[in-house]
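Working notes, structure below.
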Amino acid sequence: MPLPKLTLVLGGAASGKSAFAENLVLQSGNAPVYLATAQVFDDEMAEKVTRHRNMRGAGWTTIEQPLDLGTALANITPQQTVLIDCATLWLTNVILGDHDVADHTNALLTSIVACQGPVVVVSNEVGQGIVPDNALSRKFRNAQGGLNQQIAAEADLVVAVMAGLPLTLKGRFP
Amino acid sequence: MPLPKLTLVLGGAASGKSAFAENLVLQSGNAPVYLATAQVFDDEMAEKVTRHRNMRGAGWTTIEQPLDLGTALANITPQQTVLIDCATLWLTNVILGDHDVADHTNALLTSIVACQGPVVVVSNEVGQGIVPDNALSRKFRNAQGGLNQQIAAEADLVVAVMAGLPLTLKGRFP
Amino acid sequence: MPLPKLTLVLGGAASGKSAFAENLVLQSGNAPVYLATAQVFDDEMAEKVTRHRNMRGAGWTTIEQPLDLGTALANITPQQTVLIDCATLWLTNVILGDHDVADHTNALLTSIVACQGPVVVVSNEVGQGIVPDNALSRKFRNAQGGLNQQIAAEADLVVAVMAGLPLTLKGRFP
């Protein structure tokens, strides 16, 4: 099943969103490219990265790039489908690096629109809990909500994943 | 598109629920009234109020009322549509003011049902994170969940918003 | 309306998921059995248990079992429908008792599949807030997400509840 130009897969932590997105990419018929935004600072993240890599299995080209996704996206060919996993870790890197969120978001969206292959973005829903008690977390969830809205506005297909099951919010599930 | 008597727009923080609700009100054909429940205690809330006001633009009648919405709702005419933004800040004001939640909720629902114009209520989903570690937050999310259920039971139309996109939970999207 | 073999009812805190699940069980035509996993350690939980019991009303057979649900499920007859309320408290008991999550989950799923009457499981969505700042909460929400995915994969019907309203994620609402 061919994928449209831009797909957003939204979900909570451990919702199965990455596995769902990987299946979409694998079923697109194009060569799968995994654009990993995680920065490994501790054992917990190292374990998660290893677990996700094993889950994906062979056949993927993996590019590790925590911040500037422009170059990687510019090199994608029409015969490839790229999975950005995930926008939440990318946004974390933007904010913790004290970069401008609006500038980096606009640059990312421009790169996504210009990409020659289909793009699938995985992102977290983080706004459905109680108000966090620290200002950085509140800033982060506002930025994450805004980023999700901006990607969703550009996307042809938006799917929320809950307990591994998809719920289509925009477009038609291929 | 005319709106039914009562619409509930649910969503997480920064989900785009207010912008979505404002569009509903503007498209209702009635004169838009904004019933603001925010109390400005700090710069963060002041910035949010200003940002929302700019987003709404001109044409709205704004009423600021943190707690007793009955008088404002009683003055709405059949040629107006009123947006209560939001039930979450209203509930915060009820709880922080140490008022009775059940009494105030019943009074609010009575006022909404008696209102002569269509009412749109914006409210937060706050129960899909991890259990908060303080009792006030747990009390708040239980009260918020109960309030959302009560409004939803009265509502003709209930829409959840995620990444700016609507998902109809009850009724038909106009 | 007869229920399929396994139904999962997902929702946030105070979303109305238990009341919704109880109605499903009552409408199944079978004798209702309530399999309660709560352990009462404090007044807050005692109050919750009492409130839920009053909400259910008479007519239910109640079994209290915090951890090993196998025996209770093995005793269910084809003329009964059993409600497990809830998988989240069960998982809390597994983790706080320092038991192996994977082993206990597999045993639970085996018991559910072997149960002679329809099973309805209530579980929480806990992954849509900001990342918790303590490791145990992060471990818990990962385990909860994984458990929800595993139950959902086995289930014939999966319903998310928000503000008391159902959203079907899998199967057909009976």
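The values are calculated or read from the model by the stated rules, or taken from the named source; none is laboratory data. On a predicted model such as this, the values are computed, not experimentally measured, just so you know. Glycine also receives a Cβ, built like all others from the backbone with ideal geometry; neighbour counts cover every protein chain displayed.
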Scan the range C:112-136 for residues that are at pLDDT below 95 and surrounded by fewer than 18 Cβ atoms within 10 Å (Cβ to Cβ) and jot them down.
C:Asp133, C:Asn134, C:Ala135, C:Leu136
Could you please tell me which pairs satisfy a Cβ distance under 8 Å, a separation of 6+ or placement on different chains, a first residue in the range C:130-158 that is free of Cβ contacts under 8 Å to residues at least 60 places away in the same chain, and a second residue that is charged (D, E, K, R)?
C:Ile130/A:Arg141; C:Val131/C:Arg138; C:Pro132/C:Arg138; C:Pro132/C:Arg141; C:Ala135/A:Glu44; C:Arg138/A:Glu44
Could you check the range C:75-99 and list, in sequence order, the residues that are free of Cβ contacts under 8 Å to residues at least 40 places away in the same chain and small (Gly, Ala, Ser)?
C:Gly97
If we scan the range A:36-47, do we find a residue that is aliphatic (A, V, I, L, M), assigned to a helix (DSSP H, G or I) and within 14 Å of another protein chain (Cβ to nearest Cβ)?
yes
Quick check on C:Arg141: is it over 28 Å from A:Lys139 (Cα atoms) and basic (Lys, Arg)?
no
How many residues does the range B:110-128 contain that are within 19 Å of B:Leu10 (Cβ to Cβ) and either more than 15 Å from the chain's Cα centre (by Cα) or within 14 Å of chain C (Cβ to nearest Cβ) (or both)?
8
Within the range C:155-164, restricting attention to residues that are more than 9 Å from chain A (Cβ to nearest Cβ) and touching a helix residue (DSSP H, G or I) at 6+ places or on another chain (Cβ under 6 Å), which residue is surrounded by the most Cβ atoms within 10 Å (Cβ to Cβ)?
C:Ala163
Near pairs, Cβ below 6 angstrom, 6+ apart or cross-chain, from the range B:53-73 (more than 12 Å from B:Asp85 (Cβ to Cβ)) to any residue that is of a type in the set (Ser, Thr, Tyr) and not in a loop (DSSP other than H, G, I, E, B)
B:Gly70/B:Ser111; B:Leu73/B:Ser111
Exactly one of B:Thr88, B:Thr81, B:Thr92 is more than 14 Å from chain C (Cβ to nearest Cβ), hydroxyl-bearing (Ser, Thr, Tyr), under 28 Å from C:Arg138 (Cβ atoms) and under 15 Å from the mean Cα position of the chain (by Cα), and that residue is B:Thr92
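Matching residues to (1) within 13 Å of chain C (Cβ to nearest Cβ); (2) under 21 Å from A:Asn124 (Cβ atoms); (3) in a strand (DSSP E or B):
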position	(1), (2), (3)
A:Met1	no, no, no
A:Ser15	yes, yes, no
A:Ala21	no, yes, no
A:Leu24	no, yes, no
A:Ser28	no, no, no
A:Pro32	no, no, yes
Working only within the range B:131-174, note down all residues that are part of a loop (DSSP other than H, G, I, E, B), more than 14 Å from the chain's Cα centre (by Cα) and closer than 25 Å to B:Ser111 by Cβ.
B:Asp156, B:Gly171, B:Pro174
